[in-house]
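Here the structure is laid out as structure tokens; the discussion comes afterwards.
The values are calculated or read from the model by the stated rules, or taken from the named source; none is laboratory data. Everything quoted here is computed from the prediction, not taken from an experiment. Cβ coordinates were reconstructed from backbone atoms using ideal geometry, including for glycine residues, and neighbour counts include every protein chain displayed. Areas reflect the complete protein model, heavy atoms only, side chains present, ligands, DNA and RNA absent. Shrake-Rupley method; radii C 1.70, N 1.55, O 1.52, S 1.80 Å.
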Amino acid sequence: MIAYLIRRLLYLIPVLIGVNLLTFALYFIVNSPEDIARAQLGGKHIDQSVVQDWEDQHGYNKPLFYNNKETGIAALTDTLFVKKSLILFTFNFGVSDSGRNISHDVSQRMWPSIYIAIPTLIIGLLVNITFAMLLAFFRQTYVDLSGVLFCIIMMSISGLFYIISGQYFIGKVLQLVPISGFEGGFSAFKFVILPVVVGVIGGIGAGTRWYRTIFLEEMGKDYIRTARAKGLAESRVLFKHVLKNAMIPIVTGVVVIIPSLFLGSLIMESFFGIPGLGSYTIDAIRQQDFAIVRAMVFLGTILYCIGLIMTDIAYTIVDPRVRLQ
Amino acid sequence: MTFHPVILWTDALIYLLIIASIFCVRWAKRQEQLRSAWRQILQSRLAIISLVILVTYAAIGFLDSIHFRATDQNQITSVESVFDYLVSPLGKNDEKTYSAPFATHLYNKDIIILPNGLHLRDFPHLKFVDEEQMNPVDNRTLDIIRHCTLSTLGGIVIWFIICALSIMLAAQRQQQKFLTKLNKIVKEKEGIVWRTVLITVGVIIVLGFNLFDLSHAYHILGTDKVGQDVFYETLKSIRTGLIIGTLTTLITVPFAITFGMLSGYFRGWVDDVIQYVYTTVNSIPDVLLIAAAVLALQIFISNHPEFFSNLVQRADARLLALCIILGLTSWTNLCRLLRGETLKLREQDYVQAAIALGTSRKQILIKHIMPNLMHLVVIALVMDFSGLVLAEAVLTYVGVGVDPTTLSWGNMINAARFELAREPVVWWPLLAAFLFMFPLVICANLFADAVRDALDPRIRKL
């Protein structure tokens, strides 16, 4: 298994290089650094010298791949590709286009994201699994049919509607919790509860439906028939056999997203004014701060790949039949 | 007045898509397994109703995709679509600012200059609404009822005519008597298709007549911040939503089929390269990748204004760019699916037989493998559609969606955020976006489910 994991980790490197090349192509070849400087300074009619100054300040005044002015190894290293793109591999995200230290910002802002993401994930899972079990218990009856229809209806409503109406009714009309904002420590609770509730409600449709399919698939298998044949009560079959075995796809499906939770949710955080990584990214997108966008793409990719590797490990833990080679 | 047709990029691609789907349908008609799947879809009442509603949306979107420029005595007007022309003067009467649905007055007080020269601060009358309805409120209710009754009656009459004509045609083709055919349809003796279709069409016609009539007398969904009719806006948003849902597939499908088949069939280094590419693209979180790509393209578009002669073309280019990017980021899942299926198919006896008989690789891929992948492609397409329509709203909110000047549900929801926070609350643009987006998405979801149930061999066995 160790050998397998090492192989997987090594495979990460070409993937990350690919991601790096892709973002590099998008931001330095499709658009020259000069375009970025102009977008950042705002407008076409900026004086060339101002643009030049900005490029100097942010270290964009280098050639793409090969620097004629330097000699030896520096000709290859003192370039945009190395200084702006490959350097991400050392987790040195550098300075954002507006002059802030990205690594510091990231380490600061990932905690509020976690405050929202983890409760949403756990409560959402519990709610979805409960509903899905209920529907599976009443399968092929009107309860099940209307439940599925309800799920499809919930799925068909854009998440933005949930957020806006949640903010409006709970925050503005009933004034139960603040509409947006954030504080650390225990007072975070009143700011976190609304985003979590909205997040859970928004996920019910798709989640319940997906878990119901998993349960039903499991219920069609032979060992369930055996369990019923030996006279087990339906509730016992459901909780002892179906739930346990259905946990294999459920757990492995959840594990893959756990590392990405650090990134937070773009939409949620920006609507609720949570100072997490999601709103950080969205602000960067709106201010066209490409240094941050590139760093977040890189970080997101790493976290996702770690999630994939964790999934493999989780498989061996929850399903003893699986061996990694 | 003379009309000059204007073909925007997205229009051209929509026409291409329609032509392509006509060819696909003609091909599918000859395949027995697809015909039986189609018959299975038509056994579900929900699927039929969804299909009729989707077709209605598509018709509006299509009419809105035929653009022209009207020239009137050397006075060039802006680019319009056939749809604008049909519903005019709906898009043209601009009020000053917000007004509530069916209102006769503006939502905000403003200074009115009376005929005798005095200034008064009050709610000004809307320009659009008839003078007669302005005085007492009772008048308005009566007027609305009058409009509704008349248009409902008109709708029913038209519906009867349509029913009679279509039944007559069907009866003539099958050489039956009109009454026998009518009886069969009413009692659903030949399956549930026709009665369901006719009833759904009837409801849509009556509803459409009502809305059309009322929208010419009132702003039935109010007006927005700049005084634009919200009902018109949400109707125009249909095209944007449909384009994002459908044009994206023009990119996804060729990529996924080509790469999926090649990597599954040839294996070896081809497989390694293609797998590497899609793992890389797939490992970047979706929104981030789309945002990164759209931002890059936005800068490109704004730095090269010389490519676009006017604002409409520029907004159109952005819409197209969004579709291309969504397509380039979403082909990976389908590709992986097709690769797996090709790996399985190439070991099948009939493919092995074809190889033994010396059929060329190209022939095997196109004749023997591709047709057997089509069901997966169709399932993926219909399943993705609703997600894409929803994604438009989210991406537009993030700031990497359609152009702010393009009328879209995303832009409407985006604006609603601030409208709900102001006092007094402006709720109707959000409601309008919801009222028109929700049926489209839910019908797409229901229809997609029916298609999947009919085409997926794993489910069919159960």
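Summary table
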item	result
Meets criteria (within 18 Å of residue B:394 (Cβ to Cβ) and surrounded by fewer than 18 Cβ atoms within 10 Å (Cβ to Cβ)) for residue A:206	yes
Test: residue in the stretch A:157-175 that is away from every other protein chain (no Cβ under 14 Å), buried (at least 19 other Cβ atoms within 10 Å of the Cβ) and modelled with pLDDT under 90	no
Candidates A:4, A:115, A:27, filtered to the one that is modelled with pLDDT of 85 or more, of a type in the set (Ser, Thr, Tyr) and not assigned by TED's automatic domain parsing to the domain that holds residue A:294	A:4
Within the stretch B:376-402, tally of residues that are at pLDDT below 85 and open to solvent by 20 Å² or more (accessible area, probe 1.4 Å)	1
Selected residue (only one of A:113, A:85 is among the polar types (S, T, N, Q), over 22 Å from residue A:266 (Cα atoms) and touching a residue at least 24 places away in the same chain (Cβ under 8 Å))	A:85
In the stretch A:311-325, residue most open to solvent (accessible area, probe 1.4 Å) [restricted to those that are away from chain B (no Cβ under 14 Å) and without any contact (Cβ under 8 Å) to a residue 60 or more places away in the chain]	A:321
Unmet requirement for residue A:136, which otherwise passes all of (1) surrounded by fewer than 16 Cβ atoms within 10 Å (Cβ to Cβ); (2) more than 26 Å from the chain's Cα centre (by Cα)	(1)
Tally, over the stretch A:88-110, of residues that are in contact (Cβ under 8 Å) with a residue 60 or more places away in the chain and open to solvent by 50 Å² or more (accessible area, probe 1.4 Å)	4
Residue satisfying condition, being within 17 Å of residue A:219 (Cα to Cα) and modelled with pLDDT of 90 or more, within set A:121, A:134, A:126	A:134
Test: residue in the stretch B:223-237 that is assigned to a helix (DSSP H, G or I), open to solvent by 60 Å² or more (accessible area, probe 1.4 Å) and under 28 Å from residue B:125 (Cα atoms)	no
Residue list for the stretch B:281-295, filter: in contact with a Phe, Trp or Tyr (Cβ under 9 Å, 6 or more places away or on another chain), in a helix (DSSP H, G or I) and closer than 16 Å to residue A:257 by Cβ	B:282, B:283
The stretch B:391-404, residues that are in a helix (DSSP H, G or I), in contact with a Lys or Arg (Cβ under 9 Å, 6 or more places away or on another chain) and touching a residue at least 40 places away in the same chain (Cβ under 8 Å)	B:398
Residue list for the stretch A:116-125, filter: closer than 19 Å to residue A:300 by Cβ and either assigned to a loop (DSSP other than H, G, I, E, B) or open to solvent by 50 Å² or more (accessible area, probe 1.4 Å) (or both)	A:118
When residues of the stretch B:299-313 are limited to those that are more than 8 Å from chain A (Cβ to nearest Cβ) and under 26 Å from residue A:22 (Cβ atoms), the one most open to solvent (accessible area, probe 1.4 Å)	B:307
Long-range neighbours under 6 Å by Cβ, at least six apart or interchain, first residue away from chain B (no Cβ under 11 Å) within the stretch A:262-278, second of a type in the set (Asp, Glu) and open to solvent by less than 30 Å² (accessible area, probe 1.4 Å)	A:276/A:269
Of all residues in the stretch B:1-59 being at pLDDT 85 or above, polar (S, T, N, Q) and under 22 Å from residue B:81 (Cα atoms), the one that is most open to solvent (accessible area, probe 1.4 Å)	B:56
Any hit, the stretch B:381-390, residues being in a loop (DSSP other than H, G, I, E, B) and touching a residue at least 24 places away in the same chain (Cβ under 8 Å)	no
Among (1) in contact with a Gly (Cβ under 7 Å, 6 or more places away or on another chain); (2) open to solvent by 40 Å² or more (accessible area, probe 1.4 Å), the one test that residue B:266 misses	(1)
From the options B:407, B:420, B:376, B:338, residue that is aliphatic (A, V, I, L, M) and part of a loop (DSSP other than H, G, I, E, B)	B:407
Residue in the stretch B:67-79 that is at pLDDT below 80 and under 24 Å from residue B:435 (Cβ atoms) present	no
Selection status of residue A:206, in contact (Cβ under 8 Å) with a residue 12 or more places away in the chain and within 14 Å of chain B (Cβ to nearest Cβ)	yes
Helices (runs of 4 or more DSSP H) enclosed by the stretch B:27-103 - at least 3 residues per element that are free of Cβ contacts under 8 Å to residues at least 12 places away in the same chain	B:32-41
Qualifying position, being within 14 Å of another protein chain (Cβ to nearest Cβ), assigned to a helix (DSSP H, G or I) and modelled with pLDDT of 90 or more, among B:260, B:241	B:241
Among the residues listed as A:284, A:229, A:291, A:233, the single one being at pLDDT 90 or above and either away from every other protein chain (no Cβ under 11 Å) or open to solvent by less than 20 Å² (accessible area, probe 1.4 Å) (or both)	A:229
Matching entry among A:103, A:113, A:180, A:98 (being touching a Leu at 6+ places or on another chain (Cβ under 8 Å) and within 28 Å of residue A:259 (Cβ to Cβ))	A:113
Residue B:296 being of a type outside the set (Ser, Thr, Tyr), open to solvent by less than 10 Å² (accessible area, probe 1.4 Å), on the phi < 0 side of the Ramachandran plot and free of Cβ contacts under 8 Å to residues at least 40 places away in the same chain	yes
Qualifying positions in the stretch A:276-309 - assigned to a helix (DSSP H, G or I) and polar (S, T, N, Q)	A:279, A:281, A:301
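Yes/no per residue for (1) within 14 Å of chain A (Cβ to nearest Cβ); (2) out of contact with any Asp or Glu (no Cβ under 9 Å at 6 or more places or on another chain):
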| residue | (1), (2) |
| --- | --- |
| B:378 | no, yes |
| B:386 | yes, yes |
| B:397 | yes, yes |
| B:402 | no, no |
